[in-house]
Amino acid sequence: MPRAIISPSVLASDFGQLSAECKRMIKGGAEWLHMDVMDGHFVPNISMGAPILSCVYKGVPGIFMDCHMMVAQPEQWVNDIADAGGSLYCFHIEATSDAVSLINAIHARNMKAGVAISPDTPSTAITDEIGAAADMLLVMTVYPGRGGQKFIEWCVPKVAELRARFPEKDIEVDGGVGPRTIDVCADAGSNVIVAGTAIFNAANPEGVITALKATVNTAQARFSK
């Protein structure tokens, strides 16, 4: 049974205190930190790149950086992100013509490989071959490119379809996820939860992380029966 993992999205943090914000999340029970890398091409916004990730990696010993690569040429940045301390490199399937080769290149740099699909991309775009090669599958529940968007519930059935095909795989949801939307994500089979404003802006982030994790664990226990 895949275990519950909470990955707070640092896009919702105070960038002026980025390392401190990451430490605050880890102290509150987060295992991963979700780092949104945007290039201004695949998505219209620009966020952060390898130099910032490298600084965070040096400032937060042992951090697991879940790097969501919203970039037009994901093959181009594998080495830079690996050198910066990235732990997981998640690329968009819409941005590459050879996902398996890219997964192999990511693994060659000792990072886990994730494959993301945007809201308009069907889950069947992740073929059995691609899904088997990847370490994590990401279903976007908002359109990639900016934080604070409203959760798109019609994306949730894609989680269930992927969970049926990959019962032991880490499946992540990202976008508009928080205490009000966690139930449908967990019940569909997601075990890795990305949440930004719901955690960073909470009066008690630790309580939110604990509640999200408990909901996922309860749902995953049902899947294992």
When a/c is below 1.5 the answer is rounded, else prolate if a/b is larger than b/c, else oblate, so apply that to the chain with a ≥ b ≥ c taken from the square roots of the Cα gyration tensor eigenvalues. rounded
Which of ILE81, GLY49, ILE63, positive extreme of dipole for segment 1-97 (C-beta unit charges): ILE63
With n ≥ 4 as the cut-off for DSSP H runs, can you work out [θ] at 222 nm for the chain, using -39500 (n - 2.57) per run divided by the number of residues, rounded to the nearest 500? -10500 deg cm²/dmol
Magnitude of the Cβ-charge dipole of the chain, K/R +1 and D/E -1, about the Cα centre, nearest 20 debye? 680
Dimensions in Å of segment 48-121 - Rg and Dmax from alpha carbons: 12.0, 37
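According to the square roots a ≥ b ≥ c of the eigenvalues of the Cα gyration tensor, what is the shape class of segment 109-171, taking rounded for a/c under 1.5, prolate for a/b larger than b/c otherwise, and oblate for the remainder?
Details: a/c = 2.16, a/b = 1.38, b/c = 1.56.
Here segment 109-171 falls in the oblate category.
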For segment 1-103, what are Rg and Dmax over the alpha carbons, in angstrom? 13.6, 40
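All of the numbers you see were taken from the coordinates with simple rules; none came from a lab. A quick note: this is a predicted structure, and the numbers were derived from the prediction, not measured. Virtual Cβ from ideal backbone geometry, glycine too; neighbours counted across all protein chains shown.
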